[in-house]
Amino acid sequence: MTMAQARGTTDGWPDGTFRNPVLPGFHPDPSVCRVGDDYYLVCSSFEYFPGVPIFHSRDLVHWEQIGNVLDRPGQLTLPPSTASSGGVYAPTLRHHDGRFWLIVTNCADGGGNLLVTAEDPAGPWSDPVRLPGVPGIDPDLTWDDEGDCWCTYAGIEQVRIDPRTGRTIGEPRRLWSGAPGAQAPEAPHLYRVGGYWYLLIAEGGTERGHAVSVARATAPGGPYEPCPANPVLTHRGTNRPIQNTGHADLVEAADGSWWLVLLGVRPGGGTPGWHVLGRETFLAPVTWVDGWPVVGGVEPVMAAPPWPARPTPQPPARDDFDAVGLHPRWVSVRSRPAESWSTTERPGWLTLRARGASMDERDVTFLGRRQQHPSCRVRTLVDPAGGRGGLVVRLDERHHHGVEVGDGEARVLVRIGSVLATVATRAVPAGPVRLRVDVLAPAPGDWHPGKEPDVLRFGVESADGTFDVLAELDGRYLSTEVAGGFTGRVIGMYAATGSVHFDWFDYQPEDGDGDPTPRDGGAI
Ligand code: 6LW
């Protein structure tokens, strides 16, 4: 038994291990910072509103969402012209001078790089300071010993900025572009560790060739010396279950140990492999050897950190919509106008008022949450009340499957690229109807070259729980390899016409063995 396993019996780590990903589901481009014993982490959010989900942890493994950094229109505008996978890319979160600082790119029209600050990471965050002089994506923030603030961004380039006004000072300079010939040097983060400035970057693109490389210098502006062991992390060309590893951020834990948070994916099915949950956040230990970081692997089960587990509160499986406000995990596409939703029109119910007439429309009224588990069961009780709406699994406007009710009928609608089909219908009684989707990952070892990554069963549930499956669909069409882009599946409710009411929404993770008990004892 290892030390970690011995500790596991007493400090809450099951078997002395933790499970990766630490933030499952569409949570890419993680950036992390520590303040005392508290860790905070943010992710990209693209076309979803509110933007930039922020999480808190006391052990780097268990994370609780405490808000969204860009949670009001004055901070984040995603006009209808915003394409899916446009919008909010790759934030950097830092704590400096008693405040939290977040810099991020809004790739939508009229967006650009912006900076917000907060005393409390749960918010409120300030109105944005714009940085028109900082071109490109993936901005990083760091301060040198003189107090000068440096913004480093994809390319890899750097410019000094005044973070209070957003003005640039001097000209941008090129720092490094990673391995000769490698595509997409991006996601830079710059750290002072001992006598060196370390520049951590991603390269190879965010797909199977993704990698993390590092260079160091004695001043933030360089010259940079590449690590002889680059890339310090990549899973390219391997058969590991976690692929596309890259876009990392480094953090020193309170005990002096070092860790990376990074994005990776879990492709499923046959060849070429389809990942359906988006790019997820993983945790990996780091040691320092001869002045360079060495990553201790990114695997589904990892040795527990050398401190007690501190599980964080998680939302319950069921959202009853009894509160006036919404949990921060709920996201809409591009905007959430106040007149498009209500929890008070019919108290105890969520009312969605239609704008765009289907999930194909960029202004559809939609409220969803990330699919975070390979297998899960999602249900909602919906009263169409003369309108039309339902339960949908969304990748983007061109890739979504759902079951909706209206006019006394339930129907399963499938959108795959330019093809839209109603694949099943059945009559339903007037009044509230339970809609359900089961997502089922294949059993381990169930593989052939054309095997789907998962199947989705859509249908109607009766009050005794009997599931009338109207359609069973191949999940590959709701994967990133088919749809393209940077996001992952989001499952939720929508209104296509009228005002549609939802009494509750259940998201129940299921283990591969069919046991509906979530692995973290109730946490979703
Ligand atoms: C992000 C870039 C990347 O800006 O993907 O994986 C882009 N890395 O750094 C979108 O998330």
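Details
- Considering segment 50-74, and only residues there that are among the β-branched types (Val, Ile, Thr) and outside any loop (DSSP other than H, G, I, E, B), the residue that is most open to solvent (accessible area, probe 1.4 Å) turns out to be 66.
- Only one entry in 110, 123, 147 is modelled with pLDDT under 95 and of a type outside the set (Asp, Glu), namely 110.
- Residue within segment 223-244 that is modelled with pLDDT under 95, more than 27 Å from residue 285 (Cβ to Cβ) and not in a strand (DSSP E or B) present: no
- Counting only residues that are out of contact with any Pro (no Cβ under 8 Å at 6 or more places or on another chain), within 14 Å of residue 51 (Cβ to Cβ), part of a loop (DSSP other than H, G, I, E, B) and of a type outside the set (S, T, N, Q), segment 85-126 holds 6 of them.
- Only one of 265, 298 that is open to solvent by less than 10 Å² (accessible area, probe 1.4 Å), touching a residue at least 60 places away in the same chain (Cβ under 8 Å), within 16 Å of the ligand (Cβ to nearest atom) and touching a helix residue (DSSP H, G or I) at 6+ places or on another chain (Cβ under 9 Å): 265
- Selected residue (only one of 82, 77 is surrounded by fewer than 20 Cβ atoms within 10 Å (Cβ to Cβ) and either assigned to a loop (DSSP other than H, G, I, E, B) or outside the structural domain of residue 330 (by TED's automatic domain parsing) (or both)): 77
- Qualifying residue in segment 165-186 (condition: within 16 Å of the ligand (Cβ to nearest atom), in the same structural domain as residue 140 (by TED's automatic domain parsing) and assigned to a strand (DSSP E or B)): yes
- Hey, residue 473 in a strand (DSSP E or B) and within 29 Å of residue 88 (Cα to Cα) or not: no
- Candidates 127, 162 - the one that is open to solvent by 40 Å² or more (accessible area, probe 1.4 Å), out of contact with any Leu (no Cβ under 7 Å at 6 or more places or on another chain) and in contact (Cβ under 8 Å) with a residue 40 or more places away in the chain: 127
- Residue check, residue 245 open to solvent by less than 20 Å² (accessible area, probe 1.4 Å) and under 30 Å from residue 36 (Cα atoms): yes
Quick grid of which residues meet (1) over 20 Å from the mean Cα position of the chain (by Cα); (2) open to solvent by 20 Å² or more (accessible area, probe 1.4 Å); (3) within 16 Å of the ligand (Cβ to nearest atom):
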site: 439; (1), (2), (3): no, no, no
site: 442; (1), (2), (3): yes, yes, no
site: 447; (1), (2), (3): yes, yes, no
site: 456; (1), (2), (3): yes, no, no
site: 472; (1), (2), (3): yes, yes, no
site: 476; (1), (2), (3): no, yes, no
site: 491; (1), (2), (3): no, no, no
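- Selection from segment 139-159 of residues that are open to solvent by 10 Å² or more (accessible area, probe 1.4 Å), touching a strand residue (DSSP E or B) at 6+ places or on another chain (Cβ under 9 Å) and among the acidic types (Asp, Glu): 144, 145, 148, 157
- Among the residues of segment 14-38, those identified as farther than 22 Å from residue 242 by Cα, of a type outside the set (Gly, Ala, Ser) and either touching a Leu at 6+ places or on another chain (Cβ under 8 Å) or in contact (Cβ under 8 Å) with a residue 60 or more places away in the chain (or both) are 33, 34, 35, 37.
- Segment 274-295, residues that are of a type in the set (Gly, Ala, Ser) and either away from the ligand (no atom under 16 Å from the Cβ) or assigned to a strand (DSSP E or B) (or both): 284, 291
- In segment 200-209 there is at least one residue matching the filter, namely being within 14 Å of the ligand (Cβ to nearest atom) and without any contact (Cβ under 8 Å) to a residue 24 or more places away in the chain.
- Here is the figure for segment 210-219: residues that are more than 16 Å from the ligand (Cβ to nearest atom) and surrounded by 20 or more Cβ atoms within 10 Å (Cβ to Cβ) total 2.
- Verdict on residue 235 being under 18 Å from residue 92 (Cβ atoms), within 16 Å of the ligand (Cβ to nearest atom) and not hydrophobic (A, V, I, L, M, F, W, C): no
- Restricting the search to strands (runs of 3 or more DSSP E) fully inside segment 315-425 and requiring at least 2 residues that are crowded, with 17+ Cβ neighbours inside 10 Å and in contact with a Leu (Cβ under 6 Å, 6 or more places away or on another chain) gives 375-383, 388-396, 399-406.
The values are calculated or read from the model by the stated rules, or taken from the named source; none is laboratory data. Please read these numbers as outputs of a predicted model, since none were measured by experiment. Virtual Cβ from ideal backbone geometry, glycine too; neighbours counted across all protein chains shown. Note: accessible area is taken over every heavy atom of the protein model, side chains too, but ligands, DNA and RNA are not part of it. Shrake-Rupley method; radii C 1.70, N 1.55, O 1.52, S 1.80 Å.
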